[in-house]
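The block underneath contains the structure these notes are about, expressed in structure tokens.
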Amino acid sequence: MKRHTARKVKVFLDSNVILSGLLSDKSYPRIILDLCCLRLEFIQFFTCEYNLIEIERNLKKKLPQALKVYKKYLPSLNLQSIPLPDKKLVRKLSREVAPKDAPVLASAIIAEVDFLVTGDKKDFDPLKGEKHYPFIILSPSEFINEKLPEILRSRTVKP
């Protein structure tokens, strides 16, 4: 079989996906983190500095003994981190999503991703299907069950 040489699919992970994947070895978020570790040539995973700060803050507060393991494991995920976004963009997006989630939305826009994967149903579900975002917002299970098979199929060409 020949491999398709299309551009990489870009997937942005919210902090809740990363944290859930770290804490559970049998979950959709964990499958996503395992995919990150594989360093597949056709898919690139992103997060943002804001998320990494939030993850560390939550671990320090709720599970301090896990912080050392997290810091050791983080490079294995091969996540490309987007720097903190411009405050002006964050303020603008705060009108569309909870202020705490505006930096995440801004970072996904800056990274020009195809998918934003989040477990935050309360704040992101109302944005699903919005045509003015350049990406699709999905839950971890939607990404694994619906989009990943499509991505895999599109990467192979029948002889």
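The values are calculated or read from the model by the stated rules, or taken from the named source; none is laboratory data. Quick caveat: nothing in here was measured; it's all calculated off a predicted structure. Quick reminder, even Gly has a Cβ in these numbers, built from the backbone with ideal geometry, and neighbours come from all protein chains shown.
Which condition number in (1) within 23 Å of residue 141 (Cβ to Cβ); (2) at pLDDT 95 or above; (3) of a type in the set (A, V, I, L, M, F, W, C) is the one that residue 52 fails?
(1)
Quick check: anything in segment 57-65 under 15 Å from the mean Cα position of the chain (by Cα) and touching a residue at least 12 places away in the same chain (Cβ under 8 Å)?
No, that holds for no residue.
Can you tell me how many residues within segment 72-126 are closer than 22 Å to residue 28 by Cα, out of contact with any helix residue (DSSP H, G or I) (no Cβ under 8 Å at 6 or more places or on another chain) and of a type in the set (Asp, Glu)?
Of the residues in that region, 3 qualify.
Please note which helices (runs of 4 or more DSSP H) are completely contained in segment 66-115 and include at least 3 residues that are within 26 Å of residue 35 (Cα to Cα) and in contact with a strand residue (DSSP E or B) (Cβ under 8 Å, 6 or more places away or on another chain). Can you show your working first?
Values: elements: 67-73, 87-93, 102-111.
Ranges flagged: 102-111.
Identify the residue in segment 116-131 that is in contact with a strand residue (DSSP E or B) (Cβ under 6 Å, 6 or more places away or on another chain) and either acidic (Asp, Glu) or in a helix (DSSP H, G or I) (or both) and, among all such residues, is nearest to residue 17 (Cα to Cα).
Across segment 116-131, the extreme among qualifying residues is 124.
Restricting attention to segment 54-71, report how many residues are touching a helix residue (DSSP H, G or I) at 6+ places or on another chain (Cβ under 9 Å) and under 28 Å from residue 99 (Cβ atoms).
11
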